[in-house]
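Each remark here refers to the structure printed beneath this line.
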Amino acid sequence: MSEGNLVKIASISIAILFALGFAPSAFAADNADPKTDTAPPLSAAGADAFVAALNKQYKADYPEATAAQWIAETYINGDTQLLVSRSNERSLSKLSADVEKSKVYANVPGISAASKRSIELLKLSTAMPAPKDPAKLKELTEIASRLDGEYGAGKFCSDEKDPATCRNLDDLSKVLANNRDWDADLAAWAGWHHTSRVMRKDYVRFAELLNDGAHDLGYNNVGELWRAGYDMPTAEFKPETDRLWGQVRPLYEQLQCYARGKLKTQYGDKMPKDGTIPAHVTGNMWAQNWAALYPLLQPYKDAGSLDVDGTLVAQNYDAPKIVHRAEDFYHSIGFPALPASFYEKSQFTRPRDRDVVCHASAWDLDQAGDVRIKMCIDPTEENFRTVYHEMGHIYYFLAYNGQPELFQNGANDGFHEAIGDTIQLSLTPAYLHTIGLTGAVTQDKKALLNAQMKLALEKVVFLPFGKMIDEWRWGVFDGSIKPGDYNAAWWKLKQKYQGVSSSIPRSEEDFDPGAKYHVASNTPYMRYFMANILQFQFQRALCQTAGQKGALAECSIYGSKAAGDKYWAMLQKGASQPWQKTLKELTGTEQMDASAIIDYFAPLYAWLKQQNKGVSCGWDGEG
Ligand code: X8Z
Ligand code: ZN
């Protein structure tokens, strides 16, 4: 699992979804007579037996579905796509059948809380619900694999006839990250966004088929199904994300305003007059992380270097060395060593001879220790940090492997994303110095502001992006965004939330959403928005446990067994109880709360407001 989508268990962590999907009909397994396929009786004990059979069967079927997914993403071709679509077809139709069978148990008198929760989680276990019509299901799984494969194999060739002119996502992303040349960046940005045009037609149909599947499960549309998985009334989920965005939006506005001013110094009149920032000059293909702009936005040039890219190269950090370094962090807080198979079976670098999905992901192949990451690691700080993120998923898998199958998941999907991100917050200048990646650290105001700016360009910048992706999909799924407006609606949301625009005209020939992995792979995205709030709550709690004094922004839990024990205890709970309870056990509160991220960045926020004094911040179309 991986990221949540059923089809895609693999990418991140949501393997369970997949796994679940794979499930064969639960009854034939045990707790029932295989010859007569008798269902357990309609009683509390019968519900427990039904759930026990589900857990057993899904666990048994899990490895095959995950293997199909793994091979399809690490060896993209027609054969592996065929195999994975067929595997998903079987899994999803069995899942639907089991959901149907589970209905009679859901409300039997006296049903245990665990069985009730398991039945609910079963229904929510896929982001890709199966339409009942087998032809439609087949079509759905084929489109899903095609979109995923197209993303992974995407290349832009400036001369279609000359393969030597083709560039993949890594090549094009490097241009954006390392180069402040307006035209070169624009060409790289436009090139990648050209690759997703082929997905447009498929996506229209894909949305229809997903909705068919959601209807068959009793939801109005698939967006509603996605929003139902948060242990709260479905209708309250969107307002909850709005509330959190309202807490952080003033901070983002100040950052956007400051960045825009500096970019104006760099690019002059090329910058738009409407207050937006062109997507292609943010240093990132999706304008979701502006860390590459740090040299331009660094508050104090003379207050210590935070250059990790240079030292990674100078110290010969290859992919395994980076991964070992990340493992050392988790080990230092008392987490177990990773099995040897992790290093043998993971994909750390881009193979030279075939197409693969390079988007980083973490996998649990068998729920019994065969964990892997799949990445294409370059020795850059961004990749270095991503490895720490992926390892958070890996340790979550290992920690909850002892839970029954249906509880082998994050407390919610935002938790899954927040585990490694919290550890990223401990990659402070002092930690990086301890492991030899940066020079001596000065603990003064200037150094703090520099470090805060760098981190904000990753974590604060991400927030509006994290929110807009699924608002677009929710709109597509509920019909408020029609196919004829797909791209225009996408840019409207980018402008509204991020204050980002395109410097070249976009049209409905384009399908810019498909240039983002999670859209092509049908992975829900609000999880990352939540993770960017939750990780600061987690960090605040863990730093307290670690006995850290001083500014939260300077806290690293590296080496703290006390913090590690508390964290591990949370990971072990998996999805066995409502996430609010899990959150309370770690942080003392049941609510997601952006005051932690606001407090964390308080020094930077004050500094930005001072820098922006007299400037009219905000942009056209902000709403
Ligand atoms: O997809 C990821 C991880 C894998 S779960 C690399 N992330 C989001 C993205 O890249 O869009 C982490 C940050 C947000
Ligand atoms: Zn992740």
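Read-outs: derived from the displayed coordinates by stated rules, not from any lab. Not measured: the values here are computed from a predicted model. Because the Cβ atoms are built from the backbone with ideal geometry, glycine has one as well, and the counts that use them run over all protein chains shown.
Take every pair of alpha-carbon atoms less than 8 Å apart whose residues are at least six positions apart; their mean separation over the length of the chain yields a relative contact order of 18 percent. In plain terms, the chain from Arg352 to Asp181 could stretch by 58.7 nm, reckoned as 0.36 nm per residue minus the Cα-Cα distance. Averaged over residues, the count of other Cβ atoms within 10 Å places the peptides 453-460, 112-119, 38-45 in the sequence 453-460, 112-119, 38-45, highest first. With an a/c value of 1.5 or above and a/b not larger than b/c for the gyration tensor axes a ≥ b ≥ c computed over the alpha-carbon atoms, region 326-395 is described as oblate.
Annotation: the antiparallel percentage among DSSP beta bridges lying fully within the chain is about 75. Available extension along the chain between Glu344 and Leu296 is 13.3 nm, counting 0.36 nm per residue and deducting the alpha carbon span.
In degrees from 0 to 90, rounded to the nearest 10, what is the angle of the helix 200-216 Cα long axis to the longest principal axis of the chain? That helix lies at roughly 40 degrees to the long axis.
Cβ-Cβ distance of Asp485 and Thr38, R₀ of 35 Å, FRET efficiency by 1/(1 + (r/R0)^6): the value works out to about 0.10.
For the listed peptides 355-363, 198-206, a ranking on the average number of other beta carbons within 10 Å per residue, highest first, reads 355-363, 198-206. Taking a ≥ b ≥ c as the square roots of the eigenvalues of the Cα gyration tensor, an a/c ratio of 1.5 or more together with a/b larger than b/c marks the chain as prolate. Each part reduced to its alpha carbon centroid, region 360-427 and region 459-502 end up 27 Å apart.
Rounded to the nearest whole Hz, the Karplus-based 3J(HN,Hα) values (6.51 cos²θ - 1.76 cosθ + 1.60, θ = phi - 60°) of region 270-287 follow the sequence 5, 6, x, 8, 8, x, 8, 10, x, 4, 6, 9, 8, x, 9, 4, 10, 6, with x at glycine and proline. Amide H contacts under 5 Å for Val500: Ile277, Gln495, restricted to partners 5 or more places along the chain or on a different chain, H placed in the peptide plane at 1.01 Å from N. For region 411-522, the relative contact order works out to 16 percent when only alpha carbon pairs closer than 8 Å and six or more residues apart are counted.
Would you list, by chain and number, the aspartates and glutamates whose Cα falls below 12 Å from the Cα of Lys345, excluding same-chain residues fewer than 8 positions away? List returned: Asp364, Asp370. Pull up the cross-link candidates among the lysines for Lys301, meaning alpha carbon to alpha carbon under 20 Å and not fewer than 8 places away within one chain. Partners found: Lys262, Lys264, Lys445, Lys446, Lys454, Lys609.
This model, with +1 at the C-beta of Lys and Arg and -1 at the C-beta of Asp and Glu, gives the chain a dipole about its Cα centre of some 1080 debye.
With the simple model of a label 7 Å out from the Cα in the direction of the Cβ, Ile71 to Ile435 spans 3.5 nm. Measuring between alpha carbons in the structure, the pairs from Lys161/Lys496; Lys132/Lys155; Lys174/Lys321; Lys116/Lys584; Lys161/Lys201 lying more than 30 angstrom apart are Lys161/Lys496; Lys132/Lys155. Packing-based ranking of 495-506, 531-542, 608-619 yields 531-542, 495-506, 608-619, ordered from highest to lowest mean Cβ neighbour count within 10 Å.
Here region 173-220 and region 41-119 have alpha carbon centers that stand 30 Å from each other.
Here region 182-309 is assigned +1 on the Cβ of each Lys and Arg and -1 on the Cβ of each Asp and Glu. Its dipole about the Cα centre then comes out at about 480 debye.
Phi angles across region 413-426 convert, under the Karplus curve 6.51 cos²θ - 1.76 cosθ + 1.60 with θ = phi - 60°, into 3J(HN,Hα) values of 5, x, 4, 4, 6, 7, 4, x, 5, 4, 5, 4, 5, 8 Hz, Gly and Pro given as x.
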